[in-house]
Amino acid sequence: MITFFSCAISVGFGYSKAYTLFKEKNLIFYLFLLFVMVVYSFSQINLYQQCPRKYQYRYLDKLEREFETTPDLMLGTCVHGALEWLYQQVNVFNIPIKADLLGKFHELRQNAVAEAADKLIYKGEQHEEDYLRRGEKYLESYYQTYAPFGETKVIATELIMNFELQSKENGGEQKFRGIIDRLDKEGDAFVINDYKTNKQLPPEQKEEYREQLTLYALGVQQKYGKYFQKIKARLHYLHFDLRDEREITDALLAPILEKYRNAINAIEKARFNYNMGRENAFPTQQNPYCKYCEYQQLCPLWKHLGCGDELVEGGSLGAQTIKKLVDQYAKISRETSELTKEKESLKEILIAYADKGGFEQLFGDENKLTIKKTDSYLAKDKASFQEFLAEQGLLEEVMDLPYYKINTLVKEQKLTPEQIQTYLDKKDSRRLTASKNKSTDED
């Protein structure tokens, strides 16, 4: 029954609910739980890495939000739909002409725009005709490149893949799900095709798309491995009429597989902590996509954005709005930072002057500065010094090794000169103390 208890927690019932079910020994529910587990996808993992709190809102709290339909997203959907239709025709040896392909795109686009209605928001200077023109251009170029499609052997379009990243025997089951735009057979190899309508070409170091298709190759191996072992991944960047292709080898797959296994383990740990009632199991994470997030009104990072006009007692400042206090605090912080920089610059100049003249006090018209020379010590190697202190029974006194505690050890002669020379670097420092210059006689 312990398995039942753990399983109940893992699927989101929390400690108290799981315990109730455990006590009642609900065997039917127990059997249900044994077969319920999270099936992950690239969108889930990417969302968690982008912002764990957003992952919590969407996948655990099940908070539905009404999404705006962007013209770019709709363009991608319609272009994908038109190409799916094209290859469905090719697969039954009915090769459409280019005009039929463009007609299908217009039909899909018209239906999508009508369905979206007021949810379709155009931003900037782009209008519907701009997106139509882009879609037409992408499909025309694609058709001219690959027609007459006689050599293409299509296995499936929009192929839903359910596969395992990790089996029970290898440390715990991890299930994954993805959709392949098109899977082909070319000679003795499978080819995973994926269409991209982005206007920005991803830089070489941006590997998400390649990683996605590389993992899909694992799904193809598990589903069709008895036919061929050779698998290629082909990314079609339609805006640039470019094709990025590479063969998926075991050496290429292994590190990517490990990366996503670790990502799922991190999510599973966070889900367990969340179900156990631990606060901040899914922390907020500010990122460039925050301004588009549909959960801004819930997010601790952003929900105050619509507030701030309320009055609070500001002490000597009187009643102030939170907005004004925030701005005032930020202003003082900036001024303090600038003053600190200026202070350090002045200190450097004054110490250099005092050292050159052999002065221990410097006088202004109203103030004086007392300059005291001290020695400070820093550990040459923190790890070896900590090991030495542990052997000497002194580790508790300097657990985090701040410089002032190290200085105290030297001052109190708890370290021999040889030990100081072995483990510490000596640094001359100066301390400036300012006071009112009432009269030189009193000093």
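Some notes on this structure:
- Flag for Ala251 being assigned to a helix (DSSP H, G or I) and over 23 Å from the mean Cα position of the chain (by Cα): yes
- Checking Asp194 against (1) surrounded by 14 or more Cβ atoms within 10 Å (Cβ to Cβ); (2) of a type outside the set (Val, Ile, Thr); (3) out of contact with any Asp or Glu (no Cβ under 6 Å at 6 or more places or on another chain); (4) in contact (Cβ under 8 Å) with a residue 12 or more places away in the chain, the condition it does not meet: (3)
- Pairs with Cβ under 6 Å, 6+ apart, first in the range 223-239 and in contact (Cβ under 8 Å) with a residue 60 or more places away in the chain, second exposed (fewer than 13 other Cβ atoms within 10 Å of the Cβ) and part of a loop (DSSP other than H, G, I, E, B): His239/Lys199
- Members of the range 351-380 found to be touching a residue at least 60 places away in the same chain (Cβ under 8 Å) and in a strand (DSSP E or B), listed by number: Gln361, Phe363, Asn367, Lys368, Leu369, Thr370, Ile371, Lys372
Rundown of residues vs (1) surrounded by 14 or more Cβ atoms within 10 Å (Cβ to Cβ); (2) part of a helix (DSSP H, G or I); (3) of a type in the set (Val, Ile, Thr); (4) at pLDDT 95 or above, yes/no style:
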| residue | (1), (2), (3), (4) |
| --- | --- |
| Tyr131 | yes, yes, no, no |
| Gly135 | yes, yes, no, yes |
| Tyr138 | yes, yes, no, yes |
| Tyr143 | yes, yes, no, yes |
| Pro148 | no, no, no, no |
| Met161 | yes, no, no, no |
| Glu164 | yes, no, no, no |
| Glu169 | no, yes, no, no |
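- Residue in the range 210-241 that is nearest to the chain's Cα centre (by Cα), counting only those that are among the polar types (S, T, N, Q) and modelled with pLDDT of 90 or more: Gln212
- Filter pass, Tyr295 being surrounded by 12 or more Cβ atoms within 10 Å (Cβ to Cβ), in contact with a Gly (Cβ under 9 Å, 6 or more places away or on another chain) and aromatic (Phe, Trp, Tyr): no
- The range 150-159, residues that are outside any strand (DSSP E or B) and not polar (S, T, N, Q): Gly150, Glu151
- Filtered residues of the range 94-107 (kept if over 10 Å from Phe149 (Cβ atoms) and not acidic (Asp, Glu)): Asn94, Ile97, Lys98, Ala99, Leu101, Leu102, Gly103, Lys104, Phe105, His106
- Near pairs, Cβ below 7 angstrom, 6+ apart or cross-chain, from the range 124-140 (closer than 17 Å to Gln110 by Cα) to any residue that is surrounded by 13 or more Cβ atoms within 10 Å (Cβ to Cβ) and basic (Lys, Arg): Leu132/Arg109; Gly135/Arg109
- Restricting the range 186-209 to residues that are out of contact with any helix residue (DSSP H, G or I) (no Cβ under 8 Å at 6 or more places or on another chain) and at pLDDT 95 or above, the residue that is farthest from Thr157 (Cα to Cα) is Val191.
- Taken together, the residues in the range 215-228 that are polar (S, T, N, Q) and surrounded by fewer than 15 Cβ atoms within 10 Å (Cβ to Cβ) amount to 1.
Let's see how each residue does on (1) farther than 30 Å from Leu409 by Cβ; (2) surrounded by 12 or more Cβ atoms within 10 Å (Cβ to Cβ); (3) assigned by TED's automatic domain parsing to the domain that holds Tyr423:
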site	(1), (2), (3)
Val326	yes, yes, no
Ser337	yes, no, no
Lys341	yes, no, no
Leu369	no, yes, yes
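The values are calculated or read from the model by the stated rules, or taken from the named source; none is laboratory data. It should be emphasised that the depicted structure is a prediction, and the values quoted were computed from it without experimental measurement. Cβ atoms come from the backbone with ideal geometry, glycine included; neighbour counts cover every protein chain shown.
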